[in-house]
Each structure stands twice: as C-alpha cells, then as structure tokens.
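Read-outs throughout are calculated quantities, based only on the coordinates presented, and are distinct from any laboratory measurement. It should be emphasised that the depicted structure is a prediction, and the values quoted were computed from it without experimental measurement. Every residue, glycine among them, receives a Cβ derived from its backbone with ideal geometry; neighbour counts consider all protein chains shown.
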Amino acid sequence: MFVPSVTNPIGDFVRNLVPQVTAYLPVAFQSETLDSVVAFLINAVICIIAVCAVNIGSAPILIYMERKVCAHVQCRLGPMRLGWHGTIQTIADVLKMLFKEVYAPSGADKLMFYTAPMIVLIAPFMVCALIPFSKDLVVADVSMGIPLIIAVNGFGVLGILLGGWSSNNKYSLLGALRSGAQIISYEISFAMILLFVVMISGSTNLMDITMSQQGTVFDWWIFKIPVLGFIAFILFFISSTAEMNRAPFDIAEAEQELTGGYHTEYNGTPFAMFYLAEYIALVTNSALATTCFLGGFHAPCIGFAPVDNVLNMVPGLVWFFGKVFFMIWCYMMVRWTFVRPRVDQLMDFEWKFLLPVNLVLLTAGAAWIAISG
Amino acid sequence: MTGMLPPGFRIQRETNTEEFFINMGPQHPSTHGALRLALRMDGETIVELVPHFGYIHRGMEKQAESMSYLQYIALSDRQDYLTAIQNNLGVVIALEKGMNIGVPEKAEYIRVMLQELGRIASHLVFFACFGGDLGGQTCLLYGFKEREMIHDILEEVTGSRLTTNFFRPGGSRYDVPDTFIPRVKAFLDHMDDTMKDYERFLSKNIIVLERSKGIGILSKEDAIAYGCSGPVLRASGVNFDVRRANPYSIYDSFDFEVPVTYNGDCYDRYTVRIAEIHESMKILRQCIDRFPTEGPWRSKEKPVRLPVGRYYSEIETAKGLYATYVVAATTGEKPYRIHTRGPSFPHIAALNKMVQGHKISDLVTILATLDPVIPEIDR
C-alpha cells in the first residue's frame, strides 16, 4: 500500500472515505493500491485548491488593505465609491487587469517574457504550502521546512531577472539587475535569521517550531530569549522587507527612478501576476514571521487561567491570521513612512551591517543555549 | 580610461566597461514635467547628462507682442504655475515703472502677503516632491495638504486657485475680504505645528541624510557662473536675495533673515527652503500685525498705456530671480517685446555639473532639489 509521508486529519479522512466509496464498485476495481492512489490524487487536488484559495483570495483583501492603510497614513480616505467604503474597487481592478489586451514590446523575447511572471509566482505558492495555519491545517508538514523555504524563496529573483532582461528595455534591465543583486544579498541575512530560529527551537520543521513556542506570550521566540529574540525579529523584518522588494527597499521598481523597474513593459494579466506575487510574498513572509517569532497559531496567553481559557477558545486559525495581518500592517506602515535608500547604500547596509550583526546574533544564540542548557 | 572622466567621479573605472545611453523623459515620473534628459551611463553611474527642452513651448513671449500689457499678466501665470501670484507681481512692477503710478499702502501689504503665501505654497510643493522623489509617497500628500489651505485662501481672495491673475498696475483686481486676515492667521498657527512634524519626517531621517548629504554639490563659483538664483544659489553660500539686495514693494520694512548654507549639496538646498518657509511665516505675522484696515486698496487711476521706453523689474520668487524686461517702442497698449528671465533654466543648465559621477537615483534627488518647473523654462 502507498503510505504517504505526510499525514493530516483531512488527508486521513479522505483515505478512510475512499475505500468506503469503492466498496460499491465491482470487485474487479477494488484494490488497496487503487484506493491509495485515488486518495492521494484527491488529497493533492484539495491541497492545491486550498493553497490557491489562501493565496489568490488574500491578494484582493491585501490590495484593499494597502490602499486603505496608505490612504489613512496620508490623511485621505482611499477608495470610497464602489461598494461600502470601496470594497468592490479591488475586484473591479482585478477584472480590468484580466480583460486587458496582453502584448509584448517589439524585440522582446516572447517566451521568456511570458514565462517570467509564472516563475515569480512559484516561490510564494510553495512557501505557503509549508506554513502550519493551525494545528491540523498544513499542506506539507515536511521535516526540512526551513531549508526548503530558504531554497525556494530565492526562486522569485529568477523570474524578475528574466522579466527585466526579456523586456528589451533599459529601465527594466536596470531594475532587474538591481533586484538580482539585492535579493541575493538579503537572502543571506534572511537565511541566517531562520537558522537562528532553527538553532534555538531545535527543529527545521515549521510545526515543531510552532509547538516549541507553546505556553504564554513569553514563550514566543520574540520574548523567550532576552533581547536576542527581539533583535532577531527586527532583523527578520528588515531582511524580509528587502526580500519581498517592498518599499523602502523597492529599488527594483523604484517608480521615481526607473518608471516601474522590471515590470515596466508588462500589462494586463502578466502584470497582475507580478502584482499578485508581491502580495502573496507579503502573506507568506508575515506567516513565516508569525510562525518563527510570534507563536504561530497559539493564543497570546498571559499565564492567568481565566483569561487564558477564553483566549484558547478562539480557534488557532483566527489567531494565526490575526498575527499575520498585524505583521502585514507593520510592513505597510513601514512602506508608507520611509524613503528609499540608494542601491549602493542598500548593499552596504546588508554586507557591512546586517551580515556581521547576524553572525554575532548566531554566536550569542549559541551561547544562550549553552548557558541555559 | 579614467583620465577621460570628468572630475568628481566617485567610482573610478578600472575595467573597460561599455557606456550606454538612457533616455529619461519627456514621459518620466520624476522629471517634473515634459523635460527630456539624455544620459550617458556607465552601469548605474552617470557620465554625462544633456537636458532637452521645448516639449511644451507655447511662444508666450511672441504671444505677448500681440497682446495688451494687462493681458500678458494672465500669461505670466502660465509660466511658473507654482509661483503664479509672484510672476504676476514681477510683470506688474515692470509696468508700474513705466506707467509711473504709486501703490497705496494697503495694496502693498496685500501684495507682500500673497507673495509670501505663494512662496510657502511653492516650497511645500518642493517638500512634497523631494520626499516623493526619494520614494516616500506620503510626503507628497502631506506637502499638498497644507498647500491646499493656501490655495483656499488664494481662491477666496483672487477667485482662482492656481492661475491667479490678480495684480494690476496700481494695486490689484479686488480688495481682500474681511476673512482674509483671520484665515491667514489661522493658517499660520496650523502651519507652526505641522512644520514641526514635517521637519521631523524628513530633516533628521537617516535615509534622507544619507541620500542628500554630499550629493549634487554645486560650488559657489559654479552657482554664480551658471546664473543660479534663489534657494539653489543661497545653498551654495551666496547671500543673494532680491528682497534684500534690491528691495521691491515694501520688503525693506520687514524684519527677516536670508537663510544661507554653504555646502551646496541636496540637503542644504532642502534646509534653505525649509528655513525660507519659516522666514515667510515671520513676514506674514508682521504683515498681520501692521495690516491697514482702512485706506484705498488700489490707486485712483487705472492706466493701460505704457510710454516709450525700456522697463526692467526683478523679484524673488520661490524659485529664484524672476525678471521681466519690457520694451515699448510706441506709446500704446501693446509691447514691442517682453522678455522673461526665469529661474529654472540656469538650474537645469547646471544639472550636468552636479550629477556627473552620481547614480541615477541621485539624479532624481538632485533634480527634485533644483525644483524646476518646465513650463517656465519652455514658456
């Protein structure tokens, strides 16, 4: 029998259900191998639908949220006309994007031009599959979660480089090259912070990392290790902002300098895919921050039983998304507050500041483990 | 290879890399209008910059030859639309010299107050665009928020928000309404608080400091040689302000400083403008204290004809020296020639000197601190 390495309640439910259904079939079709293959396929379809639903469903919400956060930071109202407080505005925009004519500039490498946005989308989708949304809600509970995320997360830069290069536009090329340099540099810091979390929690599995933070708020990794946890969280915040190409580190797009950077020549659906990838990356990075530092789906218990019982009654999924949206809000506030550093200053910041600090942090974390046992 | 590079290059080329050409504008988000910059680049470093003008040339000076003097005042709005009310005054002063007409005290106060409001509005646009071009889109909205309040005041006084067309030889088109002084006072009180916030937003922000200090240095000699004026000149250490050097209207009766800084970089140009906002507010407060409620707001006679002669006026707009030269060949309503000396053209001319050796991101910063208005260059 085909035994999957990953088990979860929904998967088990499907695996139990399939033999009961096939029992009604003629005897010739009844075999354990067939059942397990069918169950595997059904599970895969459910997983794909779930990941797509989370990712694609969150993008319009985030775009609406970004518009509103940005508007209120800037003393204005944002979209107000379409629907209640402009709620349908994003849907209208998405429809507009989808129905626009798609064309490539002359001289563009058409194959690469249209492949690039799809490549960009791969990374955030794959990371999303690894995130434990609740105790029973994880698509792929793989043991090497963090290394896989580090490996996959840098994949997006390939799409950006391809898109910038195949556009046959100098601004796109400059944007793509900037982006390549930036993401590859910040990848190192990003990986190191995750390694720090792996080191202190003793596991590369995201579920285990979450479970190691069980307890009160003070058991979350951001607070559990005095000072170091908070520093690590801030460093993660910075490097993931750069990793996502979000302002103030959006030098790849740099609207004022490069008129849009690598996606200058894109329009319609391919542009929407770049846009979507940016927002899904926002969700996955926030989810990663939540899982690694903010206790994942655990309720923010304070160690006082009556309050904790009430908090624990709320499902983990709600806590998880609450924390994720708090993180997203932080990213948005930073985006609309700071100005953009120059490309060489950004590199200096990574190689001359973030990287040494990360190395010190790793050493200090190891020392903390040695001391506290 | 390095020997061919202009002085001040920050990154010296050791490898034999290939230069390439980038066309920036006329359709580009940060060229502040239809300006085209042809860039010779080495990677992201600018080797040479050649500005191209003329995309919105409307032939205003030629149009002026078939217009009456008073009609030309309306055209001066359309040159530098951010300092429209100041351009009005520049033209009107030149005409007044020929028409030999006095201006009542109240009219002078109205002029000075509107001038300074216009200056604050223009500097707020600078603040907004400077922040916006650095990538802080929020600054863009903040600067425009207070500018709207000034435009509300201008709307109440002149009837229009942007192209005011307000001053006339001997005074102005209308008297100010009774609500003018209280509104300006309320605006100044509001501005005192908001300027603190705005300065906290950019002035001490480490990224802004990193991106503007030592960037786009214009030496004192170069600033004078290129004919720069206004905040750009004063940021390079030249204490020249027409309001002080060659006072027009009643500027000699006010107590205000001329802010001067000496590094000539982007940050200095920024601080000079912020300091000028404070000085303008100081002048406005003095105006409010001394504003004559009684008395005529324009002269009795309303001349439209200019005697034969050549008349020159220069004023200090928010951008710099705005001079008008009127040649009247015959005594009549129409000029033979009107020439305008705008402040933005020399600034863009000096741009090549400032950007050489800097990155393309710095070009955007430098261009923002020059605060050019392209319609005023093209006219």
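How large are Rg and Dmax for segment A:87-152 when only the alpha carbon atoms are used, in Å?
17.5, 51
Report, in listed order, any pair from B:106/B:300; B:213/B:359; B:97/B:319; B:319/B:359; B:106/B:302; B:106/B:196 with a Cα-Cα distance greater than 21 Å.
B:97/B:319; B:319/B:359; B:106/B:196
222 nm [θ] for chain B, helices only, -39500 (n - 2.57) per DSSP H run of 4+, per residue, to 500?
-15000 deg cm²/dmol
Largest first, please: the extent of the C-alpha atoms of the protein assembly as shown along each principal axis, to the nearest Å.
113, 66, 59
Using helices alone, I'd like the mean residue ellipticity at 222 nm for chain A: each DSSP H run of four-plus residues gives -39500 (n - 2.57), total over residue count, nearest 500.
The helix contribution divided over chain A gives -22000 deg cm²/dmol.
Which value, to two decimals, describes the C-alpha radius of gyration of segment B:96-153 once divided by 2.2 N^0.38 Å?
With N residues counted in segment B:96-153, Rg over 2.2 N^0.38 Å equals 1.58.
Report relative contact order for chain A in percent, whole number only (criteria: Cα-Cα under 8 Å, sequence separation at least 6).
20 percent.
Where the centre of each part is set by its Cα atoms, how far does segment B:278-334 sit from segment A:133-179, in angstrom?
Using only Cα atoms to place each centre, the spacing works out to 62 Å.
Straight-line reach from residue B:220: which aspartates and glutamates have a Cα under 18 Å away, not including same-chain ones fewer than 8 places off?
B:241, B:265, B:268
Grab the eigenvalues of the alpha-carbon gyration tensor for chain A, scale each by 5, take roots, and send me the semi-axes largest first in whole angstrom.
34, 30, 22
Dividing the alpha-carbon radius of gyration of segment A:69-196 by 2.2 N^0.38 Å (N being the number of residues), what value is obtained?
1.37
Projected area of segment B:253-379, taken from the Cα convex hull and averaged over every viewing direction, in nm²?
One quarter of the hull surface, i.e. the mean projection, equals 11.3 nm².
Counting alpha carbon pairs within less than 8 Å and at least 6 residues apart, what relative contact order, in whole percent, applies to segment A:1-99?
19 percent
Give me the one-decimal nm value for the distance between modelled label points at residue B:244 and residue A:76, 7 Å along each residue's Cα-to-Cβ direction.
3.8 nm
Treating cross-link reach as a plain straight distance, find the lysines whose alpha-carbon is under 22 Å from the alpha-carbon of residue A:96, omitting any fewer than eight places away in the same chain.
Cα-Cα hits under 22 Å: A:68.
Principal axis extents for chain B, Cα atoms only, whole Å, descending order, please.
Principal-axis extents of the Cα atoms in chain B, largest first: 74, 49, 33 Å.
If you average the alpha carbon positions of segment B:26-47 and of segment B:49-126, how far apart do those two centres end up, in angstrom?
Centre-to-centre (Cα) distance: 29 Å.
Please give every one of the lysines within straight-line cross-link reach of residue A:135, meaning a C-alpha to C-alpha distance under 27 Å, and leave out same-chain neighbours fewer than 8 residues apart.
Within the straight-line limit of under 27 Å, residue A:135 reaches these lysines: A:224, A:323.
Under 11 Å from a point 7 Å along the Cα-to-Cβ line of residue A:369: which residues of segment A:189-217 have their amide N that close?
Label zone hits: A:195-204.
Report D for segment A:1-99 in µm² per second (integer): Stokes-Einstein, Kirkwood Rh on Cα pairs, 10 °C, 1.306 mPa s.
The Stokes-Einstein estimate is 92 µm²/s.
Please find the FRET efficiency linking residue A:155 to residue A:27, where r is the Cβ-Cβ separation and R0 is fixed at 51 Å, and quote it to the nearest 0.05.
Plugging the Cβ-Cβ distance into 1/(1 + (r/R0)^6) gives 0.60.
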